[in-house]
Amino acid sequence: MNLSGLSFNALPPIDLPFRFFLTAPLFMLACACLVFFAGEDLWFSRWHPLMLALTHGFTLGFLTMVMFGALLQLLPVIAGIGIPQPRLFASISHLSLTLGTGSIMLSFIYGKDWMLYSAIIFLGLGLGFYLMVLAWVLFKKLSQGDSITGFRLAIFSLLAVLLLGLVLLARNLGFDWSATNWIATGKQLTNIHALWGLAGWAGILIIAVSFQVIPMFHVAPSFPKLITRYLAAGIFISLLVFVLYPAIALPILSFCHGLFAVTLLLVINKRKRKVPDTSIHYWQLAALSLLLVSLLYFIPKTLWNSHILVDKDLLIGALFIYFYLLSVIQGMLLKILPFLSYTHLQQRCLVDFSAMQFIPHMHEFLNKKYGQWLFRLHFVSGLCLILVLLQPATYFVFALGMMLEFCWLLFIMTKTMRLYSSIDKKI
Amino acid sequence: MKYSEIDVRELAPPEPMTAILSALSTLPQDEGLRVHHSRQPFPLYDKLIAADWAYQCEQKAEHYFLLSIFRQQDQ
């Protein structure tokens with residue numbers, strides 16, 4: 001039982017998550033420029049420095065940027081956890097993440113030492129600071145809810161990704177980190193870094209968030225207890241096993257993700273309110289893509305090489321990042337942008353009920369048709385990505401697709417924020 | 001104390017908050033409000049206190065919370 005007087009440090013000021021959200025599409029536009037100017041070479045190998053710049057633009061510049069902003073708001077809403085000194089916290093982490101991501105992308109493109117140093121400093125400080133505060137808040141929270149456990153595992157995964165990333169960057173600077181050789185050598189260390197980032201940090205976080213937001217926002221049944229209780233832990237243990245026994249861990253990881261994809265589709269299908277909703281289309285696209293990724297993994301390499309023209313790792317990575325992770329994040333943005341705008345204004349009405357007359361319907365903050373167009377643009381640019389993997393000469397089509405998609409996302413965001421601020425002034 | 005009751009368990013955010021605010025705005029002076037909710041509306045709590053309301057939340061089942069809201073002076 002909760003008694004009145006207990007403080008939950010409710011929602012932080014809205015401009016804090018909004019600055020993370022606004023920065024994210026800017027990095028995707030930078031990625032579109034990179035694709036356009038890099039030409040065909042970028043697509044020849046996942047180890048190409050320009051490909052590394054691109055993947056870090058996607059994962060740090062867009063995915064992590066949005067997730068950091070969203071967590072600021074999600075934790076108070078779904079778990080009653082507030083972050084102390086939110087303005088100072090958000091300002092430091094946002095600035096460091098922005099500068100660090102810009103530096104790491106530039107360091108892969110130009111290979112200058114000072115860019116590597118800059119990336120190490122800003123990412124080390126920015127991500128490290130964010131992780132430290134979030135870990136302190138999450139571990140202090142006594143609740144043992146399944147989502148909270150998922151958040152903790154995701155945060156721990158990000159810490160591992162950060163440390164490995166820093167070691168890899170230091171290697172590029174010529175530092176000898178032979179202490180890490182007991183874990184792995186050469187490219188296996190990069191594989192661990194990449195897999196923990198994609199399946200651990202982004203993957204487990206999305207799974208933990210979905211347990212809360214799908215039933216809450218879409219009035220759907222809860223996920224089965226077995227899934228909410230053991231799936232995130234299963235993925236995390238597989239990631240641990242991957243460090244030493246990749247051949248054992250990868251099939252288990254693929255199975256876990258396939259299981260999540262099927263469960264997600266079933267839960268969405270059982271939702272009580274079957275109103276047309278673009279964010280549901282995003283979740284469905286994400287789930288189907290994840291299922292496809294899980295199935296593709298089980299195709300043996302020899303069969304793959306004789307029948308499929310695209311490199312297996314590149315295709316699975318592209319599907320996982322662009323069709324699964326990006327779809328979920330965009331779908332959630334379509335939900336939380338109007339929701340946050342409306343909720344922040346609405347809470348002020350508790351002090352003065354008459355202010356409610358100024359607040360428009362939540363859907364007016366983000367026109368449904370704008371969301372539908374974003375979904376179409378995302379789907380088409382995703383198909384362009386598959387095309388460019390098959391035919392690298394078509395790189396400019398993908399660059400154009402991304403440019404359109406993320407200019408549109410930026411337009412939607414600014415429109416929502418401008419409406420929020422105009423009503424805020426009236427109240 | 002006499003209570004008005006609303007059930008917001010099958011509403012999607014932000015409709016529960018809208019329903020609670022509407023109910024509070026028309027609540028007779030001597031009454032409290034009982035809300036049947038599917039989760040704890042954490043962001044509401046601080047705002048309720050700031051606006052001189054008091055609340056009590058009791059978990060009845062895994063996805064069923066009974067939230068009682070009343071004026072501070074009625075506590």
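Tabulated values for the structure
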| read-out | value |
| --- | --- |
| Using θ = phi - 60° and Karplus 6.51 cos²θ - 1.76 cosθ + 1.60, couplings along region A:222-227 (whole Hz; Gly, Pro as x) | 5, 5, x, 4, 4, 6 |
| Rounded tilt (10° steps) of A:278-297 against the dominant C-alpha axis of chain A | 20 degrees |
| Other protein chain Cβ atoms within 10 Å, averaged over every residue that makes up B:12-21 | 6 |
| Relative contact order [Cα under 8 Å, 6+ residues apart], chain A, whole percent | 17 percent |
| Full-extension gain in nm, A:Leu296 to A:Val310, via 0.36 nm per residue minus C-alpha separation | 3.8 nm |
| Listed residues A:Ala90, A:Thr394, A:Gln346: farthest to the positive end of the dipole of the protein assembly as shown (Cβ charges) | A:Thr394 |
| Partner chain coverage, peptide A:340-347 - average Cβ within 10 angstrom | 4 |
| Over 32 Å (Cα to Cα) - which of A:Lys368/B:Lys2; A:Lys272/A:Lys415; A:Lys187/A:Lys335; A:Lys274/B:Lys60; A:Lys335/B:Lys60 fall in this group | A:Lys368/B:Lys2; A:Lys187/A:Lys335 |
| Cα-based convex hull, region A:300-427, per residue volume (Å³, whole number) | 99 Å³ |
| Top of A:Gly39, A:Gly102, A:Gly165 by mean-square fluctuation, Gaussian network on chain A, Cα under 10 Å | A:Gly39 |
| Pair A:Phe36, A:Phe129: separation of 7 Å Cα→Cβ label points (nm) | 3.3 nm |
| P(r), alpha carbons of chain A - 10 Å bins starting at zero, rounded % | 4, 21, 33, 28, 10, 3, 0 |
| Dipole-positive endmost among A:Leu366, A:Leu52, A:Leu253 within chain A (Cβ charges, Cα centre) | A:Leu366 |
| Long-range Cα-Cα pairs in chain B (distance over 17 Å), rounded percent | 38 percent |
| Cβ-based exposure ranking for B:His36, A:His378, in which fewest neighbours within 10 Å come first | B:His36, A:His378 |
| For residues of A:236-248, the mean tally of beta carbons on other chains within 10 Å | 0 |
| Residue with peak Gaussian network fluctuation, chain A [Cα springs, cutoff 10 Å], from A:Met417, A:Met132, A:Met105 | A:Met132 |
| C-alpha long axis of helix B:15-25 to longest principal axis of chain B, angle in ° | 10 degrees |
| Which of A:Trp43, A:Trp114 has the fewest Cβ neighbours within 10 Å, and the rest in rising order | A:Trp114, A:Trp43 |
| Cβ-placed point charges (K, R +1; D, E -1), dipole of the protein assembly as shown about Cα centre in debye, nearest 20 | 360 debye |
| Using alpha-carbon coordinates, inclination of helix A:246-269 to the longest axis of chain A, degrees | 30 degrees |
| Burial ordering of A:Arg87, A:Arg376, fewest other beta-carbon atoms within 10 Å first | A:Arg87, A:Arg376 |
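Coordinate-derived values only; no laboratory data. Worth saying up front: this structure is predicted, and the values here are computed from it rather than measured. Cβ coordinates were reconstructed from backbone atoms using ideal geometry, including for glycine residues, and neighbour counts include every protein chain displayed.
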